[in-house]
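Below is one structure, written out as structure tokens; the observations come after it.
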Amino acid sequence: MIDLVIPDKTHDEERQGEALMLEPAEGKNSGRKLYIESYGCAMNFSDSEIVASILQESGFETTKDYNNADVVFINTCSIRENAEQRVRNRLKEFTIAKVKNPGMIVGVLGCMAERLKSKFLEEEKLVDVVVGPDAYRDLPNLIDTADGGQKAVNVLLSREETYADINPVRLNSNGINAFVSIMRGCDNMCSFCVVPFTRGRERSREPQSIVKECTDLFKAGYRELTLLGQNVDSYKWSKPHPALSKGEGSDVLAGEVLSSGEDLGEALTTFANLLEMVALISPELRVRFSTSHPKDITDEVLHTMAKYDNICNYIHLPVQSGNSRVLDLMNRTYDREWYMERVDAIRRIIPGCAISTDIITGFCTETEEEHQETLSMMDYVQYDFAYMFMYSERPGTLAAKRYADDIPEAVKSRRLQEVIAKQQQYSHVRLLKEIGQVQRVLIEGFSKKSDKDYAGRSDKNAMVIFPVDERFKPGMYVDVVVERCTTATLIGKIVS
Ligand code: SAH
Ligand code: SF4
Ligand code: F3S
């Protein structure tokens, strides 16, 4: 049975933590056992693979059972209050293991570590190590300090760190889908959002290291990569174009990028350029990306998507609200009309492209009429999928400082239910439209319910289930005719 990953779930702090397994290496921690689990967005999961890589270098091996671990790490999310509460509850569960094994080191990584810093040590007595997202290279030293009986904290944020040279360990993976981090941090300062405080300033990763990682993944059998950033459209790298330097990893693209008519004398690599570079690795490699910011998504990116069949026709374009006044208070820097125009451009340039979104209900001062505009935006776009949340005030954000969190919980919740009900309707309508159509599906493994069925996703990111045919293995593409659907899944059979 092959584990399935859900690489598009970039926003779901409800996701279960996951334990990573890695092979030990020689080093001063040789034989010591690490347990790590992750919460939050795909970037946190991707970071855990970097952490695992760093600790593998220093000799750690992993265990899936925290009870026999020497080091227990929890990679945390701060996006909403309930995300933090889940981590605190989980930490309580680690307390018993630590009583049994007092030498065990408990570390908190990620966004909550960055937000709370050394306060964490006061609030959660069992925690020994607190490490922010830009300080993972320091982990072996911090573990040393904790071994010596002292608490250790490193929450320094960096303007440069992209971990570009670290080869993440792909563990607990199905060997087919992987995340590739292309940038870190965020400069946008949406008023509700804690990310700029927990992840620091936006910085892009050097493109050649990205293409090399993607090429290596392809050679290792991976067939679908998701390029990750909080705002991928603001990716930029202003060193000489990698095709000029002809270094390792750029061999696949040098000729092709030249033939695309691009002026290689230009120093800037945009997200559209990067997307093209990754798409050119092989037509057999599917490329996805997340997240697109409505203010920044360019026609250039849309044309690049239209040009390459292996760039999936799926865009995650969080709207947050359908009302221009609320969007202004949120500091999203676009309005309702701008967003609709971007959706029109997607429909024009990439007909049939799937679009998903994020929606927040009950943001400060949101009126009933303004909430109705979110619902009417949903009617306009008819999203394929949505992540929907009640507004949760986060300490230190612009909204927390400037605006009262004045919408009662019951109203937030009722509005959320209305948004969810509408989305369920459109998600189903979208799936119904696929019945009778043939979808190209990348087989990811067996379905969760039965190993008589394969599961994979369509280009538009819909989950498709179909009977196993021994001629086809996970990692291969098949054409599947859709015969019926449930509320969230297409069901069909292989036609080629
Ligand atoms: N960078 C992405 C979003 C990352 S956070 C973007 O700009 O679109 C993922 C989602 O969490 C956001 O899109 C938003 O819908 C939600 N979110 C962020 N802060 C929140 C808060 N304080 N309360 C409720 N939802 C929030
Ligand atoms: Fe948060 Fe806005 Fe940055 Fe997204 S773009 S991470 S919502 S500040
Ligand atoms: Fe991601 Fe949560 Fe941090 S959504 S960036 S892990 S606050």
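Numbers for the structure displayed
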{"item": "Hits in the stretch 277-300 - residues which are surrounded by 17 or more Cβ atoms within 10 Å (Cβ to Cβ), out of contact with any Phe, Trp or Tyr (no Cβ under 6 Å at 6 or more places or on another chain) and not in a loop (DSSP other than H, G, I, E, B)", "result": "277, 278, 286, 287, 288, 289, 290"}
{"item": "Subset of the stretch 187-226 (residues that are of a type in the set (Lys, Arg), within 13 Å of ligand 2 (Cβ to nearest atom) and either within 16 Å of the chain's Cα centre (by Cα) or surrounded by 22 or more Cβ atoms within 10 Å (Cβ to Cβ) (or both))", "result": "199"}
{"item": "Any hit, the stretch 140-160, residues being closer than 20 Å to residue 285 by Cβ and either assigned by TED's automatic domain parsing to the domain that holds residue 30 or not charged (D, E, K, R) (or both)", "result": "no"}
{"item": "Test: residue in the stretch 15-27 that is within 16 Å of ligand 1 (Cβ to nearest atom), surrounded by fewer than 24 Cβ atoms within 10 Å (Cβ to Cβ) and either at pLDDT below 90 or not aromatic (Phe, Trp, Tyr) (or both)", "result": "yes"}
{"item": "The stretch 352-363, subset within 17 Å of the chain's Cα centre (by Cα) and without any contact (Cβ under 8 Å) to a residue 60 or more places away in the chain, residue nearest to residue 420 (Cα to Cα)", "result": "357"}
{"item": "Top-ranked residue in the stretch 45-90 [being among the β-branched types (Val, Ile, Thr) and assigned to a loop (DSSP other than H, G, I, E, B); ranked as nearest to ligand 3 (Cβ to nearest atom)]", "result": "79"}
{"item": "Boolean, residue 453 is assigned by TED's automatic domain parsing to the domain that holds residue 481 and touching a residue at least 24 places away in the same chain (Cβ under 8 Å)", "result": "no"}
{"item": "Test for residue 93: is it more than 16 Å from ligand 2 (Cβ to nearest atom), acidic (Asp, Glu) and under 27 Å from residue 395 (Cα atoms)", "result": "yes"}
{"item": "Yes/no for residue 447 being in contact (Cβ under 8 Å) with a residue 40 or more places away in the chain, among the hydroxyl-bearing types (Ser, Thr, Tyr) and more than 16 Å from ligand 2 (Cβ to nearest atom)", "result": "no"}
{"item": "Filter result for the condition that a residue is of a type in the set (D, E, K, R) and touching a Pro at 6+ places or on another chain (Cβ under 9 Å), over 379, 358, 328", "result": "358"}
{"item": "The stretch 347-400: number of residues that are more than 8 Å from ligand 1 (Cβ to nearest atom), more than 17 Å from residue 427 (Cα to Cα) and of a type in the set (Val, Ile, Thr)", "result": "5"}
{"item": "Tally, over the stretch 108-144, of residues that are within 16 Å of ligand 3 (Cβ to nearest atom), not acidic (Asp, Glu) and not in a loop (DSSP other than H, G, I, E, B)", "result": "12"}
{"item": "Selected residue [closer than 23 Å to residue 279 by Cα, at pLDDT 95 or above and more than 25 Å from the chain's Cα centre (by Cα)] from 348, 336, 325", "result": "348"}
{"item": "Test: residue 99 is assigned to a helix (DSSP H, G or I), closer than 19 Å to residue 128 by Cα, of a type outside the set (Gly, Ala, Ser) and touching a Phe, Trp or Tyr at 6+ places or on another chain (Cβ under 6 Å)", "result": "no"}
{"item": "Check on residue 197, at pLDDT 95 or above and farther than 30 Å from residue 454 by Cβ", "result": "yes"}
{"item": "Subset of the stretch 68-103 [more than 29 Å from the chain's Cα centre (by Cα) and of a type outside the set (Ser, Thr, Tyr)]", "result": "68, 96, 97, 98, 99, 100, 101, 102, 103"}
{"item": "Pairs, first under 16 Å from residue 38 (Cβ atoms) and in the same structural domain as residue 70 (by TED's automatic domain parsing) in the stretch 87-105, second modelled with pLDDT of 95 or more and in a loop (DSSP other than H, G, I, E, B), C-beta under 6 Å, six or more apart", "result": "none"}
{"item": "Of the criteria (1) under 16 Å from residue 237 (Cβ atoms); (2) crowded, with 23+ Cβ neighbours inside 10 Å, which one residue 272 fails", "result": "(2)"}
{"item": "Meets criteria (surrounded by 13 or more Cβ atoms within 10 Å (Cβ to Cβ), basic (Lys, Arg) and either touching a residue at least 12 places away in the same chain (Cβ under 8 Å) or in contact with a strand residue (DSSP E or B) (Cβ under 7 Å, 6 or more places away or on another chain) (or both)) for residue 414", "result": "no"}
{"item": "One residue from 456, 475 being crowded, with 16+ Cβ neighbours inside 10 Å, small (Gly, Ala, Ser) and in contact with a Lys or Arg (Cβ under 8 Å, 6 or more places away or on another chain)", "result": "475"}
{"item": "Residue tally, condition in a loop (DSSP other than H, G, I, E, B), within 16 Å of ligand 2 (Cβ to nearest atom) and in contact (Cβ under 8 Å) with a residue 12 or more places away in the chain, over the stretch 323-351", "result": "5"}
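The values are calculated or read from the model by the stated rules, or taken from the named source; none is laboratory data. As the structure is a computational prediction, the values presented were derived from the model and not from experiment. Glycine also receives a Cβ, built like all others from the backbone with ideal geometry; neighbour counts cover every protein chain displayed.
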